[in-house]
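All remarks here apply to the structure that follows.
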Amino acid sequence: MTMESTLVTARAQLRRAVELLELSENDWQTLSTPRRILEVAVPLRRDNGNVEMYKGFRVQYSTTRGPSKGGVRFHPQIDMDETVALAMLMTWKCALTNLPYGGAKGGIAVDHHTLSLSENERLTRRYTSEILPIIGPERDIPAPDVGTDERNMAWMMDTYSVNAGFSVPGVVTGKPIVLGGSLGRTSATGDGVAISAIEALRVRAIDPKGATVAIQGFGKVGYWAAMALENLGLKVVAVSDVNGGVTGFSSVAQLWEYYQSNGNIGMPGTDKLTQDELLHLDVDVLIPAALADSITEKSASGIQARIVVEGANAPTTPGGDKILEEKNILVVPDILANSGGVIVSYFEWVQDKQNYFWTADEVKQNLNDIMMRTFKEVEHMATEKKVTWREAAHMIGVSRVAEAHKLRGLYP
């Protein structure tokens with residue numbers, strides 16, 4: 001998997017949206033250029049006393065519609081190109097869902113599995129101190145992503161607050177509840193994927209009850225999506241993690257219990273699958289919820305699913321997209337399908353600013369309202385303009401950012 005292809009994919013999607021919207025070359029120049037890029041050296045003193053250096057990144061792609069917003073990844077393969085690409089996708093995602101944000105992304109090129117708890121804390125706090133001048137509740141609000149969780153967000157919030165001299169809960173989202181986090185944030189991305197899957201089945205006139213689902217990825221997106229869909233009456237027939245996939249389990253809850261106890265999904269009585277075998281299962285819904293570039297020109301040719309709902313960011317390359325379109329497979333794009341996380345992050349930010357917190361039912365209802373409204377807007381655009389759902393989603397998101405640019409004007 002080549003990370004630079006994520007940027008190639010994101011730029012190709014933007015170029016297509018610019019063409020369909022008949023925007024100018026000036027618009028392309030503005031929309032295709034990130035606003036601010038920061039690369040930092042992040043030293044870590046290991047528990048044994050050795051000092052190691054890691055590269056850290058923070059990209060603020062756009063601040064035209066509001067403060068930038070995006071996750072922090074701890075993953076050995078991240079680089080600047082991937083970070084720019086994901087910040088770009090966050091920009092269109094926030095605009096598509098009509099949140100008052102621009103897009104950002106950041107992280108450290110490190111395998112978080114190699115860090116002790118104290119090493120993880122030291123690395124997180126040092127990274128926060130390095131990017132501290134450009135983040136803040138009115139500037140750029142980080143959130144958890146691959147390799148990070150609410151614990152990292154607590155450390156980031158505390159580091160920022162200590163430097164500010166007072167508690168600033170709104171500087172990050174995805175925090176623990178007792179520190180100003182929102183109910184429903186942990187499952188939000190998976191819940192949004194489930195909402196998208198149900199609506200896509202409606203579009204294709206497939207009864208959700210008993211509809212079959214295969215999910216690549218069993219982490220914070222794949223697991224919660226699997227649980228939500230199973231609770232709605234769908235049949236999750238296969239899941240995978242980084243080591244491969246399994247099928248033949250009786251329920252997602254049972255498989256998760258085994259995974260929590262044993263650290264793998266190879267539960268006795270299940271059958272093993274390769275990643276490609278999972279992608280090529282004959283199911284109603286396929287959910288790629290791992291990392292980028294899962295569905296390529298090569299792997300797309302064997303996909304038999306009627307619907308692909310993108311839980312991961314940029315899981316489908318342009319070549320893969322073309323084949324899925326030729327096969328008449330409905331693709332619910334990442335900037336729509338996995339937007340539940342940033343939507344509930346927005347709710348958390350609003351609650352922190354107000355110092356007033358919502359019930360779990362209120363969060364779930366508001367998430368459903370925004371997801372349903374956005375889904376219908378994309379469905380309408382795709383039908384009216386006779387474009388793919390990805391093209392429709394990008395047209396809506398990109399047009400809103402372009403309009404904001406024009407209304408604000410160019411300073412000086």
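No lab work stands behind these numbers, since they all come straight from the coordinates. Keep in mind that what you see is a predicted model, and the values were worked out from it rather than measured. Here Cβ is always computed from backbone atoms with ideal geometry, including for glycine, and neighbour counts include all displayed protein chains.
Quick notes
- Note: relative contact order over segment 1-148, using C-alpha pairs below 8 Å and six or more positions apart, is 28 percent.
- In plain terms, the residue of 118, 399, 339 with the fewest other Cβ atoms within 10 Å comes first and the most crowded comes last, giving 118, 399, 339.
- Residues 281, 132 arranged by fewest to most Cβ contacts within 10 Å: 132, 281
- Put simply, the amide H of residue 312, placed in the peptide plane, has neighbours under 5 Å in 289, 290, leaving out anything fewer than 5 places away on its chain.
- Only helices enter this figure: runs of n ≥ 4 DSSP H residues, each worth -39500 (n - 2.57), summed and divided by the residues of the chain, yield -14500 deg cm²/dmol at 222 nm to the nearest 500.
- Nearest-20 debye value, segment 33-170 charge dipole, Cβ charges on Lys, Arg, Asp, Glu: 380
- Segment 188-328 - convex hull of the alpha-carbon atoms, volume per residue in Å³: 93
- Dipole moment magnitude, nearest 20 debye, the chain about Cα centre, only Lys, Arg, Asp, Glu C-beta charged: 780
- Charge context of residue 177, other residues only, Cβ under 11 angstrom, K/R +1, D/E -1: 0
- Cα principal axis extents for segment 322-412, largest first, Å: 49, 44, 20
- A quarter of the convex hull surface defined by the alpha-carbon atoms of the chain gives 20.0 nm² as the mean projection.
- A cut-off of 5 Å between modelled amide H atoms, ignoring neighbours fewer than 5 places along the same chain, links residue 54 with 42, 44.
- For segment 33-170, radius of gyration divided by Kirkwood radius, i.e. Rg to Rh on alpha-carbons: 0.97
- C-alpha center-to-center spacing [segment 357-374, segment 104-178] in angstrom: 26
- Euclidean distance between Cα centres, segment 25-103 to segment 375-398, Å: 26
- Beta bridges assigned by DSSP with both partners in the chain are antiparallel in approximately 50 percent of cases.
- Normalised convex hull volume, segment 266-352, alpha-carbon set, Å³ per residue: 123
- Other residues with beta-carbon under 13 Å from the beta-carbon of residue 284 carry, at +1 per Lys or Arg and -1 per Asp or Glu, a net charge of +3.
- In terms of other Cβ atoms within 10 Å, 121, 362, 19 run from fewest to most in the order 19, 362, 121.
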